[in-house]
Amino acid sequence: MADLASRITAPADTPAPEVPSAAVEAPVDGAEETNLVDNTYEVEVKLSDLQNDQESPLYSVSSFDELGLPKAINDGLLAMNFKKPSKIQEKALPLMLSDPPHNMIAQSQSGTGKTAAFVLTVLSRVDLSKPTQPQALLLAPSRELARQIQMVVQTIGQFCEGLIVEAAIPGAIARETGVKSSVVVGTPGTVIDLIKRRQFDVSQLKVLVIDEADNMLDMQGLGEQCSRVKSILPKTIQILLFSATFPANVMAFAEKFAPNANQMKLKQQELTVKGISQMYMDCPDEKQKYEILCKLYGLMTIGSSVIFVRTRDSAAEIQRRMEADGHKVTALHGAYEGANRDALLDDFRSGRSKVLITTNVLARGIDVSSVAIVINYDIPMKGPGDREPDAETYLHRIGRTGRFGRVGVSISFVYDRKSFNALAEIARFYNIDLIQLDPNDWDVTEKKVQDVIKSSRAKADYAPNATSG
Ligand code: ADP
Ligand code: MG
């Protein structure tokens, strides 16, 4: 076991750099707890540091004003308290807003503001004099992500008079009325049903956005449905594809799906988010994983966390056992009905529940800024018989923390040769130095985790570099 572990063990014993005491978080009460510093003024200082650091994906030179967006949209950005665009927003927006419209394939790390980039484009293309005529269609892989994007369109678009935004997800569109909105955010299956039943007039659509595009265009999954949707839409529609990951095989298809697209790609070494400290827990065997998880929860009191497991059954089982041990947790997976799922995620978003146990349904896109820790209770696998490590899903899962410059911790549980090797392969793929946690030394484990969560920024990695100053 030890030799396997050593293959993925980074020199983890270097202590995390001390952070100045002023930057250490001191949560006041439950509702206010985040992994950012605890006062707004400081948060802004930290964020602007990041946005001035040329190496950061949040870096930008310009302001939103320079994009020449309508006043109503700029007012929406002000209401969101977005001061400066991130790199993806600054670079992709001028290309997407240009006339005649151009397709776009855009890649940027998790938590760097891809949503606002495409939402601003969508809003700028909607003719508000026809509010019930669908003009933009946004597709996402889960009902939760569709609802979240709908919220972002509504919030940034709150001063766009007349704007109507609907979610095309199971149970949301009344049969009698059909789709009666300017912007539609949905999942592919429901959108196809609505079109087939002639409840969704797609003839005037000007923009098609596909979020998590590599997942959505994957022929093993939703690719066929997305292609069907596209084949029914006007041929001149502007197509925008967004994701943090674009494996080469899907990229080739994406380029056919969105012909002649402008592209923003990341290099392999740029994929990981610096603010996320990636750790792994070396468990002696599968049985002890659960005890170790509970022990960990005894230590972790800051912010919210997400536990990813492989199956619905294990989600339910861990929920049952954690609840029996006195933890308040939420489990959300595909077995629940839509409305139930909405309520469960709302509980987590609001902080009423701090622990979310889930499957890959929520691996992508979900944005809850208070998430400080992500646990891979099972290493994500793919392919026939779950034989191959799923490096993309790993990156998306851990990307539920470390949103827009915040710090976070991911802890992946390994316990046998297969899980060790899978994680080692993922680590090699992204060239990451995983930090080992030892379940026999809880003092050190606690310190390693807490040092990150309590630091207000991503250690020395985020220090403004000499060239930018
Ligand atoms: P991604 O889709 O790239 O993973 P999101 O679009 O979900 O990331 O954005 C992550 C978080 O960053 C969200 O909470 C969002 O409100 C915030 N955000 C996005 N753009 C900005 C900005 N320009 N300034 C401040 N916060 C932003
Ligand atoms: Mg996203």
Considering residues of segment 371-393 that are within 15 Å of ligand 1 (Cβ to nearest atom) and surrounded by 23 or more Cβ atoms within 10 Å (Cβ to Cβ) only, the residue farthest from M216 (Cα to Cα) | A372
Out of all the residues in segment 152-160, is one or more modelled with pLDDT of 95 or more and either away from ligand 1 (no atom under 16 Å from the Cβ) or acidic (D, E) (or both)?
-> yes
Exactly one of V37, V24 is assigned by TED's automatic domain parsing to the domain that holds I453 and at pLDDT below 95, and that residue is V24
Selection count, segment 72-121, where residues are within 15 Å of the chain's Cα centre (by Cα) and part of a loop (DSSP other than H, G, I, E, B) = 6
Has segment 229-244 got at least one residue that is under 24 Å from R406 (Cβ atoms) and more than 16 Å from ligand 1 (Cβ to nearest atom)?
-> no
What's the number of the condition S227 fails, among (1) under 30 Å from V250 (Cα atoms); (2) part of a loop (DSSP other than H, G, I, E, B); (3) away from ligand 2 (no atom under 16 Å from the Cβ)?
-> (2)
In segment 204-219, residue surrounded by the most Cβ atoms within 10 Å (Cβ to Cβ) [restricted to those that are within 16 Å of ligand 2 (Cβ to nearest atom) and of a type in the set (V, I, T)] | I210
Which members of segment 306-336 meet the condition of being basic (K, R) and in a helix (DSSP H, G or I)?
-> R312, R320, R321
Condition met for K87 (touching a Pro at 6+ places or on another chain (Cβ under 9 Å) and either over 30 Å from K447 (Cβ atoms) or modelled with pLDDT of 95 or more (or both)) | yes
Residue list for segment 175-224, restricted to those being assigned to a helix (DSSP H, G or I), within 24 Å of L266 (Cα to Cα) and in contact with a strand residue (DSSP E or B) (Cβ under 6 Å, 6 or more places away or on another chain) = A213, D214, M216
Would you check which residues across segment 324-339 are in contact with a helix residue (DSSP H, G or I) (Cβ under 8 Å, 6 or more places away or on another chain) and not aliphatic (A, V, I, L, M) and list them?
-> D325, H327, T330, H333, G334, Y336, G338
K287 fails exactly one of (1) more than 16 Å from ligand 2 (Cβ to nearest atom); (2) at pLDDT 95 or above, namely (2)
Hey, among the residues in segment 78-103 that are crowded, with 20+ Cβ neighbours inside 10 Å, more than 15 Å from ligand 2 (Cβ to nearest atom) and touching a residue at least 60 places away in the same chain (Cβ under 8 Å), which one's farthest from E161 (Cα to Cα)?
-> N103
Does segment 342-359 hold any residues that are surrounded by fewer than 21 Cβ atoms within 10 Å (Cβ to Cβ) and in a helix (DSSP H, G or I), and which are they?
-> D342, A343, L344, D346, D347, R349, S350
Just name the residue that is nearest to ligand 2 (Cβ to nearest atom) out of those in segment 230-250 that are over 22 Å from the mean Cα position of the chain (by Cα) and among the β-branched types (V, I, T).
-> I237
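The values are calculated or read from the model by the stated rules, or taken from the named source; none is laboratory data. What you see is a predicted model; the values in this text were computed from it and never measured. Neighbour counts run over all protein chains shown; Cβ positions are idealised from the backbone, glycine included.
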